[in-house]
1. When the residues of the stretch 90-105 are narrowed to those that are of a type in the set (S, T, N, Q) and surrounded by 10 or more Cβ atoms within 10 Å (Cβ to Cβ), which ends up nearest to Leu79 (Cα to Cα)?
2. Return the residues of the stretch 71-97 that are of a type in the set (Lys, Arg) and under 16 Å from His111 (Cβ atoms); say none if nothing qualifies.
3. Only one of (1) modelled with pLDDT of 80 or more; (2) within 24 Å of the chain's Cα centre (by Cα); (3) more than 29 Å from Lys32 (Cβ to Cβ) fails for Thr128. Which number is that?
4. Could you check the stretch 83-114 and list, in sequence order, the residues that are under 18 Å from the mean Cα position of the chain (by Cα) and touching a residue at least 24 places away in the same chain (Cβ under 8 Å)?
Amino acid sequence: MKAFGQIIKTLFILRYIDEIELRQAIEKQLNKVELANRFTRAVAVGNPREYTQAEKEEREIAEACNRLIKNCITCWNYLYLSQKLAQAETKEARERILSAIATHSVVAWQHLNLLGEYDFSDEKLQDTVGILSPKLAA
């Protein structure tokens, strides 16, 4: 069985060396995984591999909070891109946005202040980007 496994591994390595499309597909997937890992590290305050919570329940709450923050960022990115797509005035602009969406990831956070102060008061809670709330959009 060990020798059989080595044969399969050898065949894959030969395919990997020979086929540029396979190498590109593998590299693309590895880049997505690395981007997701960097996103997790950026959202987590401190060292995400160390848990300061002693209890299992507290660790699960911390992990759930990190997932919630990441999902909020991803959702906001989708809302922003959807709005830009809807506001595209020409077919060329729409195709340019669709091309950017197809070739890039919505897992982006560089445009966000992850370690700043946040003011959620009514006077400060205004969207500077122009995304309308569901009530106003209807």
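1. Ser105
2. Taking the stretch 71-97 and keeping what is of a type in the set (Lys, Arg), we get 84, 91, 94, 96.
Matches in the stretch 71-97: Lys84 only.
3. Of everything listed in (1) modelled with pLDDT of 80 or more; (2) within 24 Å of the chain's Cα centre (by Cα); (3) more than 29 Å from Lys32 (Cβ to Cβ), Thr128 misses just condition (1).
4. Taking the stretch 83-114 and keeping what is under 18 Å from the mean Cα position of the chain (by Cα), we get 97-114.
Within the stretch 83-114, Ser105, Val106, Val107, Ala108, Trp109, Leu112, Leu114 qualify.
The values are calculated or read from the model by the stated rules, or taken from the named source; none is laboratory data. This is a predicted model, so every value here is computed, not measured. Because the Cβ atoms are built from the backbone with ideal geometry, glycine has one as well, and the counts that use them run over all protein chains shown.
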